[in-house]
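In what follows, a single structure is set out as structure tokens and then discussed.
The values are calculated or read from the model by the stated rules, or taken from the named source; none is laboratory data. What you see is a predicted model; the values in this text were computed from it and never measured. Here the Cβ positions follow ideal geometry from the backbone for every residue, glycine too, while neighbour counts run over all protein chains shown.
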Amino acid sequence: MKKYKFIIGLLLALSFGLKSNAQEKTANMRISFEKVDSANTLCKVLVTSEDKPLAEVAVKLYIERLFGLLPIKDEVTSDENGFASFEFPNNIPLNENGLLNVIAKVEDDDNYGSFEANAETTIGVKPDLSFLTKRERSISAGRDRAPIYFIIASIALISGIWGTLIYVVLRVFKLKKLKAN
């Protein structure tokens with residue numbers, strides 16, 4: 001038993017002497033958009049720590065979509081001024097509010113760990129949702145927008161089945177009356 005206490009004590013002494021992997025430095029990011037021309041937009045991410053620009057930090061750019069994050073470009077390393085520049089696509093559909101939520105991430109940096117920044121922008125394409133308001137009849141439509149011939153055929157089929165069932169039941173009662181006489 002004394003041997004185990006010695007080993008446990010030694011492990012505890014060693015564990016207090018080890019440095020933790022916690023990051024002592026914190027970093028921040030700021031996302032800005034700059035219109036280059038009518039077809040191109042530049043997304044700039046400024047990476048700073050204690051109001052000083054950080055160089056050589058790998059930044060990834062994402063757009064928040066319905067089921068996850070859509071990566072925009074491969075990771076870009078920040079320059080000596082702390083800027084990571086991305087060419088931002090103009091053809092991404094906007095959400096129902098007419099906005100895109102852009103997320104810049106730094107993942108597992110040796111000095112600063114993982115951190116991210118969010119920004120909203122209106123750069124993108126407003127999706128055409130006019131098909132939702134049209135009330136056209138189509139084969140794939142449901143109930144009130146089904147084609148008229150489908151409605152007529154289904155009513156005729158259901159009427160034929162119920163008519164046959166009613167006819168059979170009436171004949172059974174007629175047979176019972178004839179048998180009783």
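Within segment 110-122, residues that are touching a residue at least 40 places away in the same chain (Cβ under 8 Å) reach partners that are part of a strand (DSSP E or B) and among the hydroxyl-bearing types (Ser, Thr, Tyr) with beta carbons closer than 7 Å, at six or more positions or on different chains, in the pairs TYR112/SER49. Of SER159, SER138, SER130, all but one fail to be at pLDDT 85 or above, outside the structural domain of PRO93 (by TED's automatic domain parsing) and either under 30 Å from PHE83 (Cβ atoms) or among the hydroxyl-bearing types (Ser, Thr, Tyr) (or both); the exception is SER159.
Confirm whether GLU50 is modelled with pLDDT of 85 or more, closer than 21 Å to ASN111 by Cβ, exposed (fewer than 10 other Cβ atoms within 10 Å of the Cβ) and assigned by TED's automatic domain parsing to the domain that holds GLU107. It is true that GLU50 is modelled with pLDDT of 85 or more, closer than 21 Å to ASN111 by Cβ, exposed (fewer than 10 other Cβ atoms within 10 Å of the Cβ) and assigned by TED's automatic domain parsing to the domain that holds GLU107. Within segment 106-151, the set of residues being polar (S, T, N, Q) and in a strand (DSSP E or B) comprises SER114, ASN118, THR121. Going residue by residue through segment 87-104, is there one that turns out to be surrounded by 14 or more Cβ atoms within 10 Å (Cβ to Cβ), without any contact (Cβ under 8 Å) to a residue 12 or more places away in the chain and under 13 Å from THR121 (Cβ atoms)? Yes, because at least one residue in segment 87-104 is surrounded by 14 or more Cβ atoms within 10 Å (Cβ to Cβ), without any contact (Cβ under 8 Å) to a residue 12 or more places away in the chain and under 13 Å from THR121 (Cβ atoms). Among the residues of segment 127-166, those that are surrounded by 10 or more Cβ atoms within 10 Å (Cβ to Cβ) and among the hydroxyl-bearing types (Ser, Thr, Tyr) comprise SER138, SER154, SER159, THR164. If you check SER154 against the conditions, is it at pLDDT 90 or above, hydroxyl-bearing (Ser, Thr, Tyr) and not assigned by TED's automatic domain parsing to the domain that holds LEU94? Yes: the conditions hold for SER154.
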